[in-house]
Amino acid sequence: MGSSLLARSFLGIIGGSGIYDLEIEHARWETVTSPWGEPSDQLRIGEIGGLPVAFLPRHGRGHVYSPTTINYRANIDILKRAGVTDVVSLSACGSFKEELAPGTFVLVDQFIDRTFAREKSFFGTGCVAHVSLAYPVSPGIQDRLEAALQAEAIPYARGGTYLVMEGPQFSTLAESHLYRSWGCSVIGMTNMPEAKLAREAELCYATVAMVTDYDSWHADHGEVDITSILKVLKDNSDNARRLVYRFAQEFPREHPSCRIGSDKALEHAIMTAPDKRDPELLKKLDAVAGRVLFG
């Protein structure tokens, strides 16, 4: 069940606000059930340029789920069950930096998790595991995303910290100034615990944070009308599609080994002695941790 360094590449795309569909060849909506509950939606499985792809609308078709009510564990689990090896996460965000203007795509490499109402791990009592998250983004995917952004002439910045807030409300002015003082680049509501769970599932993961506006810190924030925001969302969605198509066409057909070991994150992570492991929890972990538990 686990990822193999010689496995065929299978790209998972998680689409956020404004990204509800992609043009995928031979596409079909497929139901993948999860022991972790209901995922956001079915997977839209097909190919882009011959590369197997599974698309998951993070909020569900029609934007059904709020950032807090998304079942992140089920979402990552069904991607793993479908055979996905690598995940690109697309999400709308606000900017904390003047130079990261609306329309900029930010390849963040760090996160600060300020969420508090979400299930954040597949592991727990009966099977304890601790994965490394010092470097939560796979640099190999990020390299290829950067090359695709350059090829498509999409404005972007590489590197930066994504502050993940609980939501669904936006920041107060005081919060916005605090997060800016921490050196954060962008703010959003959805990439945690998504990135943590992807690491536990040994999936190589990277985020494309698409700036729609400046957060409340900016002097002009109150003057931005909804028409402007909607136009940025549309332009970002169009650019995101171009990015995904270019990225998928150039992505290696054989899953490359991750330089930071994302695809073998569970190698020495499970702490619970075999005779103390909860059989019911182990059943739920068959896809996520099968490589190390049953391999």
> Which of the following values of volume of the Cα convex hull per residue in Å³ was calculated from the structure shown: (i) 206; (ii) 121; (iii) 130?
Replying inline: (ii)
>> Compute the angle between helix 226-250 and the longest alpha-carbon principal axis of the chain, please, reported from 0 to 90 degrees and rounded to the nearest 10.
In response: 40 degrees
> Given DSSP loops and a limit of at most 16 other Cβ atoms within 10 Å, what is the longest stretch of the chain that contains no such chymotrypsin sites (Phe, Trp or Tyr not before Pro)?
Replying inline: 1-115
> What ³J(HN,Hα) values, in whole Hz, does the Karplus curve 6.51 cos²θ - 1.76 cosθ + 1.60 give for region 180-191 when θ = phi - 60°, with x put for Gly and Pro?
Replying inline: 5, 5, 7, x, 5, 9, 9, 9, x, 10, 10, 8
>> Distance cut-off 30 Å, Cα to Cα: go down the list Lys80/Lys276; Lys196/Lys231; Lys97/Lys196 and report the pairs above it.
In response: Lys196/Lys231
> Ranking Cys204, Cys127 by Cβ neighbours within 10 Å, fewest first, what do you get?
Replying inline: Cys127, Cys204
>> Only counting other Cβ atoms within 10 Å, I'd like Lys264, Lys231, Lys283 sorted with the fewest neighbours first.
In response: Lys283, Lys231, Lys264
> Rounded to the nearest 500 deg cm²/dmol, what is the calculated helix-only ellipticity per residue at 222 nm for the chain, with -39500 (n - 2.57) per DSSP H run of length n ≥ 4?
Replying inline: -8000 deg cm²/dmol
>> Can you give me the angle between helix 72-82 and the longest principal axis of the chain, using Cα atoms only, in degrees from 0 to 90, rounded to the nearest 10?
In response: 60 degrees
>> Could you tell me how far the Cα centroid of region 208-267 sits from the Cα centroid of region 25-91, in Å?
In response: 17 Å
> With a 10 Å Cβ neighbour count serving as the proxy for reagent exposure, in which order, fewest first, do Lys234, Lys97, Lys120 appear?
Replying inline: Lys234, Lys120, Lys97
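Any read-out appearing in this document is the output of simple, stated calculations on the displayed coordinates, not a laboratory observation. Keep in mind that what you see is a predicted model, and the values were worked out from it rather than measured. Cβ atoms come from the backbone with ideal geometry, glycine included; neighbour counts cover every protein chain shown.
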